[in-house]
Every structure is written in structure tokens, then in C-alpha cells.
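**Student:** So that we are looking at the same thing, I have put the structure below in C-alpha cells.
Throughout, read-outs are computed from the coordinates displayed, never taken from laboratory work. None of the values given here were measured: they were computed from a predicted structure. Cβ coordinates were reconstructed from backbone atoms using ideal geometry, including for glycine residues, and neighbour counts include every protein chain displayed.
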Amino acid sequence: MRLWGTMRGTMKLTWRRLSVHTKYPFRIARPGSSVDGNDVHRIIVEIERDGIVGRGEAAPSSFYGQSLETVEATLAQAGPLLGDDPFQIGPIVDRLLYRFNDHRAAVAAIDEALHDWVGQKLEVPVWRLLGLDAAAVPPTSMTVGIDNLDLIAQKTREASAFEIIKVKVGTADDEAILSTVREHAPHQVLRVDANCGWSADQARDRIEAIRRFNLELIEQPIASGQYDALQRLTEAVDVPVITDEDSATPDDVLKLAGRVDGVNVKLSKCGGIRQGFDMIRLARAHGLKVMVGCMVETSIGVSAIAQLAPLADFADLDGHLLLADDPFTGPVLRGATVYPPDAPGLGIGSA
Ligand SMILES: [Mg+2]
């Protein structure tokens, strides 16, 4: 008995480095940002078979012990493990995670390329392949990074078309930063992201000092791995606490369940669309809110996570919008929402 036609031909994995640039220098509270000033270095992965090319993006972060070199080394070892059938996304990703669990940014790029390939082959967008409704995507936030107050004011004004602004905090100047943003965005929803910037002892006071700015949520207030402190903080403040650095994988969701209000899911942290889907379902089963986010990355990476955005309560899909020279197109900005495209696969085109 044959359940499915035999696949002929072979699957070819290739990759190349790509340097792009942010419009403004990108700064966050902790070291290990995946952006160096304005310079963003990514690896674009291609999987070719039957004349169809699927693409994915690796956004390595030194915070997770990843670099361009570790991504390339992982890809070189991963090639022979892929097999010949791109439809086998499940077994392929499982094999790769078993071998390269510390290098999930590379695994994510392969997972994205496989989804893109399958979607193109079947002529459906990935979100439809996953059984999702693109109309359900929540509006995205636009990020205002750490900077001097004049530039923060300028960036806030430039974000006026967005309903939600995500303000990077975790510095000694948080109140001045938020005061400036609030002045130039009196009616927008404000979220803050401390990127581990507050100590467990000071976090509660820091939050009390800024809650008058009417915050929708707080992302990763303290350094990762401090689950008890995170739980005490979540119980003590009335602003929802969402983890990011703490919530990399489905396993992390289990550790965080009952301790925080929600988790930020990013493909380069968890290992791709398949892992991200699992992570979101697991978070839901444990009553956690879900944010979908991205690194500063091109339209390939953002389109990949946008495919899962219909499952999210909060979207932070502005990575490509922060770039001055994104070479690709894909995600569709309509009003204040970044939607996954209607085109097959990830719907990637050239800018
Ligand atoms: Mg974050």
C-alpha cells in the first residue's frame, strides 16, 4: 500500500549571510542584543526542490549563545539530516532539535523554509495550511528603543499611525522616557519591555513609579531564570507580566505556568513555526496570554511568525518596519496591524 506518491529528486539546502540596517541605532537594557548599533546580520536559508524555493531566516542572538558562525555550523551539519521530502516537517524538526537544541535560530530558519516550500507547492499561504484565520490577527505594537529624549520624541511621533507603542525601559531614566513618549502619544496604548533590566529587589518599585503612564503590560521585568521572584512580582503588581527572555521553548511554558500572566513566543527562540504553534497551544492550555514577537529581522522572519499571529492576544511584529533596507516583502501592514500575506507559503517577494 502506498499512502502518498513517491517523491523524486533531492532537497537542496543553501544559505548566505545578509547585512541590513536599522533606521535608528537599536538599544535595549541588557547586553546581547542581536543588533549592533544600526547593523543587523542575518542568515537567509533556502531549500530547493522541484524548482520551488522555500526561504527562512536565522536571527542569532548572543544572549542564547548563538552567532552567525554557530548558525552556519549547524546548517552544515543539518543538511544531511533533512532527507528528501519537505512535507516531513514534523520528523525533520524533531530530528534537528534533538541534535541542535542550543541552536534553535538555525533550526527555525529550516522550519520556516520547509513551511514556505510546502505552502508554495500546495499553493496556499502557511496560515491557511495551519487552519488559521488571518482576520483574527491583533494590532501590532511599534517599538521605541532606548535613546536620548529628543530621538525618543521623534520616534514616538513617527509611530503615530500605530495603536500600540512598546517602549524599551530598564534604565535609570525610565520615568523620563515614558513621560516623553506619553507626551507625544497621549492616546496610544503603551507597553513596556525592560529586557531583564530591573533587579528582583527593585522591580516592584520601578513598576509602581511608572504605572501612572497607564501600561497595558510589562515584558521581562527581571533577569531570566528567577521564577519565584517573577511570581511574587506578578502577584504584587496590577500590570500584566509577560516573559520573553524566560520563555524560549515549550518546556519553559511549563515552568512559567501559574507564575506569570503570559509569554512572548518568537521563532528564533523556539525553533520555528511548528515549535511556536506547540508553544502557543501549551500556553493556552495553562491559561497564559500569548504574545507573538520577532527580532529585528527582514520580511522573511516576520512573515513566518505573522502566520501564527491569529493565535495571539498581543502582536509585536515590527522587526522589518525598523529596517531601512529590507530587501524582501511579505507581511502586510494594513491600518495598525501586520497581517500574514495571502500569497502561497510565506508569501515572500523582492522589495
Ligand atoms: Mg522583549
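**Student:** Between D39 and D85, what is the spin-label point distance in nm, taking each point 7 Å from the Cα along the Cα→C-beta axis?
**Tutor:** It works out to 4.4 nm between the two label points.
**Student:** A follow-up question, please. Given the -39500 (n - 2.57) contribution per DSSP H run of 4+ residues, what per-residue ellipticity at 222 nm results for the chain, rounded to the nearest 500 deg cm²/dmol?
**Tutor:** Counting only the DSSP helices, I get -9500 deg cm²/dmol.
**Student:** At R334 and Q77, where each label point lies 7 Å from the Cα along Cα→Cβ, what is the point-to-point distance in nanometres?
**Tutor:** Modelled inter-label distance: 4.4 nm.
**Student:** A further question on this structure: Quick check: the angle from helix 104-122's long axis to the longest principal axis of the chain, C-alpha only, nearest 10 degrees?
**Tutor:** Roughly 60 degrees between the two axes.
**Student:** Order 80-86, 341-347 from most to least packed using the mean count of other Cβ atoms within 10 Å.
**Tutor:** Highest mean packing first, the order is 341-347, 80-86.
**Student:** Rounded to whole Å and sorted largest first, what semi-axes of the equivalent ellipsoid does the C-alpha gyration tensor of region 35-78 yield via the square root of 5 times each eigenvalue?
**Tutor:** Ellipsoid half-lengths, sorted descending, are 24, 14, 6 Å.
**Student:** Compute the semi-axes of the equivalent ellipsoid of region 12-123, taking the square root of 5 times each eigenvalue of the Cα gyration tensor, and list them largest first in whole Å.
**Tutor:** Equivalent ellipsoid of region 12-123: 27, 16, 11 Å, largest first.
**Student:** Consider a paramagnetic label point 7 Å from the Cα of N101 along Cα→Cβ; state which residues of region 239-261 have an amide N under 12 Å from it.
**Tutor:** 249-252
**Student:** If r is the Cβ-Cβ distance from R204 to N148 and R0 is 30 Å, what FRET efficiency results, to the nearest 0.05?
**Tutor:** 0.60
**Student:** A follow-up question, please. Length gain on complete extension for the stretch A172 to K12, per 0.36 nm per residue less the alpha carbon to alpha carbon distance?
**Tutor:** Using 0.36 nm per residue and subtracting the Cα-Cα distance, I get 52.6 nm.
**Student:** May I have the count of lysine pairs in the chain with C-alpha atoms under 30 Å apart, counting pairs 8 or more residues apart or located on different chains?
**Tutor:** Lysine pairs meeting both conditions in the chain amount to 28.
**Student:** A follow-up question, please. Would you kindly compute the Cα radius of gyration of the chain and its largest Cα-Cα separation (Dmax), both in Å?
**Tutor:** When restricted to Cα atoms, the chain yields Rg and Dmax of 19.7, 69 Å.
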